[in-house]
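Have a look at the structure below, then the notes.
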Amino acid sequence: KAGVTQTPRYLIKTRGQQVTLSCSPISGHRSVSWYQQTPGQGLQFLFEYFSETQRNKGNFPGRFSGRQFSNSRSEMNVSTLELGDSALYLCASSLVTSHSYNEQFFGPGTRLTVL
Amino acid sequence: KNQVEQSPQSLIILEGKNCTLQCNYTVSPFSNLRWYKQDTGRGPVSLTIMTFSENTKSNGRYTATLDADTKQSSLHITASQLSDSASYICVVSSIEGNKLVFGAGTILRVKS
(Lines give C-alpha, C1' and ligand atoms only; values in the text may rest on other atoms or scores of the structure.)
Protein backbone atom coordinates (compact mmCIF):
# COMPACT_ATOMS: atom_id res chain seq x y z
CA LYS A 1 0.00 0.00 0.00
CA ALA A 2 1.49 3.32 -1.04
CA GLY A 3 2.14 5.84 1.72
CA VAL A 4 1.28 9.51 1.88
CA THR A 5 2.92 11.43 -0.93
CA GLN A 6 3.62 15.13 -1.08
CA THR A 7 4.70 17.24 -4.01
CA PRO A 8 6.90 19.03 -4.57
CA ARG A 9 9.51 17.93 -2.03
CA TYR A 10 11.45 21.18 -2.22
CA LEU A 11 10.39 24.66 -3.22
CA ILE A 12 12.09 28.05 -3.31
CA LYS A 13 9.96 31.17 -3.60
CA THR A 14 10.42 34.88 -3.04
CA ARG A 15 8.48 37.16 -0.72
CA GLY A 16 5.08 38.16 -2.03
CA GLN A 17 4.64 35.11 -4.23
CA GLN A 18 2.09 32.40 -3.63
CA VAL A 19 2.58 28.64 -3.47
CA THR A 20 0.43 25.52 -3.74
CA LEU A 21 1.42 22.25 -2.11
CA SER A 22 -0.18 18.92 -2.85
CA CYS A 23 -0.85 15.85 -0.73
CA SER A 24 -2.14 12.43 -1.75
CA PRO A 25 -3.33 10.38 1.24
CA ILE A 26 -3.18 6.64 1.66
CA SER A 27 -5.86 4.94 -0.41
CA GLY A 28 -9.10 4.76 1.58
CA HIS A 29 -8.15 7.50 4.04
CA ARG A 30 -10.64 10.34 4.19
CA SER A 31 -8.93 12.69 6.61
CA VAL A 32 -6.01 14.91 5.61
CA SER A 33 -4.30 17.27 8.04
CA TRP A 34 -1.65 19.86 7.35
CA TYR A 35 1.12 20.98 9.70
CA GLN A 36 3.90 23.53 9.64
CA GLN A 37 7.16 22.58 11.30
CA THR A 38 9.91 25.04 12.12
CA PRO A 39 12.95 24.53 14.38
CA GLY A 40 11.72 27.04 16.92
CA GLN A 41 8.00 26.21 16.98
CA GLY A 42 7.83 22.47 16.47
CA LEU A 43 4.75 21.04 14.74
CA GLN A 44 1.92 23.55 14.36
CA PHE A 45 -1.53 22.44 13.18
CA LEU A 46 -2.82 24.28 10.12
CA PHE A 47 -6.12 22.59 9.23
CA GLU A 48 -7.85 19.27 8.75
CA TYR A 49 -10.12 18.17 5.94
CA PHE A 50 -12.52 15.26 6.06
CA SER A 51 -14.70 14.29 3.12
CA GLU A 52 -13.99 17.61 1.36
CA THR A 53 -15.00 19.69 4.41
CA GLN A 54 -12.68 21.63 6.65
CA ARG A 55 -13.20 20.12 10.11
CA ASN A 56 -10.64 22.08 12.10
CA LYS A 57 -8.41 25.07 11.72
CA GLY A 58 -5.34 26.16 13.63
CA ASN A 59 -4.24 29.67 14.48
CA PHE A 60 -2.79 30.76 11.18
CA PRO A 61 -3.62 33.87 9.14
CA GLY A 62 -6.02 33.76 6.22
CA ARG A 63 -3.07 33.64 3.81
CA PHE A 64 -3.03 29.92 4.53
CA SER A 65 -5.86 28.02 2.90
CA GLY A 66 -6.61 24.53 1.76
CA ARG A 67 -9.07 22.29 0.07
CA GLN A 68 -9.80 18.62 -0.41
CA PHE A 69 -11.04 16.93 -3.54
CA SER A 70 -13.51 14.10 -3.93
CA ASN A 71 -10.65 11.58 -4.21
CA SER A 72 -9.35 12.83 -0.81
CA ARG A 73 -6.30 14.48 -2.34
CA SER A 74 -5.64 17.82 -0.72
CA GLU A 75 -3.88 21.05 -1.56
CA MET A 76 -2.79 23.91 0.62
CA ASN A 77 -2.10 27.39 -0.63
CA VAL A 78 -0.07 30.17 0.92
CA SER A 79 -0.47 33.61 -0.59
CA THR A 80 1.73 36.67 -0.19
CA LEU A 81 4.64 34.65 1.15
CA GLU A 82 6.69 36.01 4.03
CA LEU A 83 10.19 35.04 5.15
CA GLY A 84 8.68 33.44 8.25
CA ASP A 85 6.73 30.98 6.10
CA SER A 86 9.95 29.07 5.44
CA ALA A 87 9.31 25.69 6.98
CA LEU A 88 8.71 21.99 6.45
CA TYR A 89 5.04 21.49 5.56
CA LEU A 90 3.75 18.08 6.53
CA CYS A 91 0.61 16.35 5.45
CA ALA A 92 -0.91 13.44 7.37
CA SER A 93 -3.77 11.12 6.54
CA SER A 94 -5.98 8.86 8.60
CA LEU A 95 -9.01 6.67 8.02
CA VAL A 96 -11.33 8.95 9.94
CA THR A 97 -10.70 12.18 11.83
CA SER A 98 -7.15 12.71 13.10
CA HIS A 99 -8.04 13.03 16.78
CA SER A 100 -9.85 9.70 17.04
CA TYR A 101 -8.20 6.43 18.05
CA ASN A 102 -6.69 5.58 14.72
CA GLU A 103 -3.23 5.95 13.36
CA GLN A 104 -2.18 9.05 11.49
CA PHE A 105 0.38 8.60 8.73
CA PHE A 106 2.65 11.45 7.74
CA GLY A 107 4.11 12.23 4.34
CA PRO A 108 7.77 13.17 3.80
CA GLY A 109 6.95 16.88 3.75
CA THR A 110 7.59 19.80 1.43
CA ARG A 111 10.53 22.00 2.35
CA LEU A 112 9.57 25.60 1.49
CA THR A 113 12.22 28.30 1.47
CA VAL A 114 11.15 31.92 1.08
CA LEU A 115 13.87 34.33 -0.01
CA LYS B 1 -4.86 25.75 28.55
CA ASN B 2 -4.15 22.46 26.77
CA GLN B 3 -0.42 21.84 26.80
CA VAL B 4 2.04 19.01 26.30
CA GLU B 5 5.50 19.32 27.82
CA GLN B 6 8.35 16.97 27.04
CA SER B 7 11.61 16.43 28.85
CA PRO B 8 14.47 16.45 28.42
CA GLN B 9 14.79 18.78 25.42
CA SER B 10 17.73 16.75 24.19
CA LEU B 11 19.63 13.67 25.25
CA ILE B 12 22.88 11.95 24.28
CA ILE B 13 23.41 8.30 25.17
CA LEU B 14 25.84 5.54 24.25
CA GLU B 15 24.78 2.79 21.91
CA GLY B 16 23.35 -0.17 23.79
CA LYS B 17 22.14 1.89 26.76
CA ASN B 18 18.50 2.39 27.75
CA CYS B 19 16.77 5.74 28.08
CA THR B 20 13.41 7.17 29.10
CA LEU B 21 11.69 10.21 27.66
CA GLN B 22 8.95 12.03 29.57
CA CYS B 23 5.69 13.67 28.52
CA ASN B 24 3.39 15.62 30.85
CA TYR B 25 0.11 17.00 29.62
CA THR B 26 -2.76 19.16 30.76
CA VAL B 27 -5.05 18.28 27.85
CA SER B 28 -8.62 17.65 28.94
CA PRO B 29 -10.86 15.87 28.24
CA PHE B 30 -8.35 13.27 27.22
CA SER B 31 -8.91 10.96 24.26
CA ASN B 32 -5.60 9.31 23.42
CA LEU B 33 -1.83 9.84 23.52
CA ARG B 34 0.64 9.08 20.76
CA TRP B 35 4.40 8.88 20.46
CA TYR B 36 6.06 9.61 17.13
CA LYS B 37 9.64 9.22 15.93
CA GLN B 38 10.87 11.77 13.41
CA ASP B 39 14.16 11.33 11.58
CA THR B 40 15.82 14.51 10.36
CA GLY B 41 14.16 15.87 7.23
CA ARG B 42 11.41 13.24 7.21
CA GLY B 43 7.81 12.98 8.38
CA PRO B 44 6.99 11.59 11.84
CA VAL B 45 6.30 7.86 12.15
CA SER B 46 3.86 6.53 14.73
CA LEU B 47 5.34 4.37 17.50
CA THR B 48 2.36 3.87 19.82
CA ILE B 49 -1.14 5.17 20.45
CA MET B 50 -2.83 4.68 23.83
CA THR B 51 -6.20 5.41 25.38
CA PHE B 52 -6.78 6.13 29.08
CA SER B 53 -7.44 2.45 29.78
CA GLU B 54 -4.03 1.35 28.47
CA ASN B 55 -1.11 1.58 30.91
CA THR B 56 1.63 0.10 28.77
CA LYS B 57 2.14 -0.49 25.07
CA SER B 58 5.21 -1.87 23.32
CA ASN B 59 6.51 -1.65 19.79
CA GLY B 60 9.73 -3.63 19.54
CA ARG B 61 12.36 -1.93 21.70
CA TYR B 62 10.00 0.98 22.40
CA THR B 63 7.67 0.81 25.42
CA ALA B 64 5.25 3.59 26.24
CA THR B 65 3.53 3.98 29.60
CA LEU B 66 0.55 6.13 30.48
CA ASP B 67 -0.74 7.31 33.84
CA ALA B 68 -3.99 9.08 33.10
CA ASP B 69 -4.42 10.08 36.74
CA THR B 70 -1.19 12.07 36.91
CA LYS B 71 -1.36 12.93 33.21
CA GLN B 72 2.09 11.60 32.53
CA SER B 73 3.53 9.34 29.86
CA SER B 74 6.98 7.96 29.23
CA LEU B 75 8.71 6.33 26.30
CA HIS B 76 11.39 3.81 27.22
CA ILE B 77 13.94 2.75 24.62
CA THR B 78 15.80 -0.46 25.34
CA ALA B 79 19.27 -1.33 24.03
CA SER B 80 19.53 1.81 21.94
CA GLN B 81 20.88 1.72 18.40
CA LEU B 82 22.43 4.43 16.24
CA SER B 83 19.23 4.44 14.17
CA ASP B 84 17.27 5.55 17.23
CA SER B 85 18.82 9.00 16.81
CA ALA B 86 15.79 11.16 16.04
CA SER B 87 13.26 13.54 17.51
CA TYR B 88 10.54 11.91 19.62
CA ILE B 89 7.24 13.76 19.74
CA CYS B 90 4.41 13.24 22.23
CA VAL B 91 0.94 14.13 20.96
CA VAL B 92 -2.26 14.22 23.01
CA SER B 93 -5.74 14.15 21.52
CA SER B 94 -8.62 15.99 23.14
CA ILE B 95 -12.24 15.02 22.63
CA GLU B 96 -13.19 18.65 23.00
CA GLY B 97 -12.43 20.65 19.90
CA ASN B 98 -11.33 17.48 18.13
CA LYS B 99 -7.72 18.59 18.19
CA LEU B 100 -4.25 17.17 18.60
CA VAL B 101 -1.83 18.97 20.92
CA PHE B 102 1.84 18.47 20.07
CA GLY B 103 4.82 18.51 22.40
CA ALA B 104 8.01 20.25 21.29
CA GLY B 105 9.83 16.92 21.12
CA THR B 106 12.96 15.39 22.61
CA ILE B 107 16.01 15.15 20.39
CA LEU B 108 17.84 11.90 21.04
CA ARG B 109 21.36 11.25 19.81
CA VAL B 110 22.86 7.80 20.15
CA LYS B 111 26.65 7.69 20.01
CA SER B 112 28.87 4.72 19.25
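The values are calculated or read from the model by the stated rules, or taken from the named source; none is laboratory data. Note that the structure is a prediction, hence the values are computed from the model and not measured. Glycine gets a Cβ as well: all are built from the backbone with ideal geometry, and neighbour counts include every protein chain shown. Keep in mind that these areas ignore ligands, DNA and RNA; they rest on the heavy atoms of the full protein, side chains included. Shrake-Rupley method; radii C 1.70, N 1.55, O 1.52, S 1.80 Å.
Extension gain for B:His76-B:Ser112 works out to 11.0 nm (0.36 nm per residue, less the C-alpha to C-alpha distance).
For region A:10-18, putting each phi into the Karplus relation 6.51 cos²θ - 1.76 cosθ + 1.60 with θ = phi - 60° gives couplings of 9, 8, 10, 10, 10, 3, x, 6, 10 Hz, in residue order, rounded to whole numbers and with x for Gly and Pro. If only the Cβ of Lys and Arg carry +1 and only the Cβ of Asp and Glu carry -1, the dipole of the protein assembly as shown around its Cα centre is close to 460 debye. By the Cβ-Cβ criterion of under 4.7 Å, the unpaired cysteines of the protein assembly as shown are B:Cys19.
How high is the relative contact order of chain B, in percent, counting Cα pairs under 8 Å that sit 6 or more residues apart? Numbers along the way, then the final one.
Working: 289 pairs, mean separation 42.2, N = 112.
Relative contact order for chain B comes out at 38 percent.
When only the heavy atoms of the protein chains count and the probe is 1.4 Å, how do A:Arg111, A:Arg15 rank by accessible area, highest first? All intermediate terms of the calculation are to be shown ahead of the outcome.
On the way: A:Arg111 95, A:Arg15 155 Å².
Order by accessible area, largest first: A:Arg15, A:Arg111.
Inter-chain Cβ neighbour count for B:41-47, averaged per residue, equals 6 (cutoff 10 Å, partner chain atoms only). Computed from label points 7 Å out along Cα-Cβ, the spacing between A:Thr38 and A:Leu11 is 1.7 nm. Peptide A:37-44 shows a mean partner chain C-beta count of 4 within 10 Å per residue C-beta.
Mean per-residue shielding of peptide A:87-94 is 2, counting Cβ atoms of other chains within 10 Å of each Cβ.
Can you check what the net charge comes to around B:Lys57, using other residues whose Cβ is under 15 Å from the Cβ of B:Lys57 (Lys, Arg +1; Asp, Glu -1)? Each step should come with its number before you reach the end.
On the way: positive: B:Arg34, B:Lys37, B:Arg61; negative: A:Glu103, B:Glu54, B:Asp67.
After counting each charged neighbour, the total is 0.
Computed from backbone phi with θ = phi - 60° and the Karplus coefficients 6.51, -1.76 and 1.60, the 3J(HN,Hα) list for region B:14-24 is 7, 3, x, 7, 9, 8, 10, 9, 10, 9, 10 Hz; x is used for glycine and proline.
As an exercise, use a Förster radius of 35 Å and the Cβ-Cβ distance of A:Val96 and B:Gln22 to find the FRET efficiency, rounded to the nearest 0.05. Calculated transfer efficiency: 0.75. Translational D (Stokes-Einstein, µm²/s) of region A:14-115 at 37 °C and 0.692 mPa s when Rh comes from the Kirkwood sum over C-alpha pairs? Value of D from the Cα-based Kirkwood radius: 241 µm²/s. Net charge in the neighbourhood of B:Val92 (other residues with Cβ under 10 Å of its Cβ; Lys, Arg +1, Asp, Glu -1) is +3.
Taking the chain by itself as reference, region B:18-35 contains these residues with an accessible-area loss of 40 Å² or more in the full protein complex (1.4 Å probe, heavy atoms): B:Arg34.
With a cut-off of 8 Å between alpha carbons and a minimum separation of six or more residues, what is the relative contact order of chain A in percent? Reported relative contact order: 36 percent.
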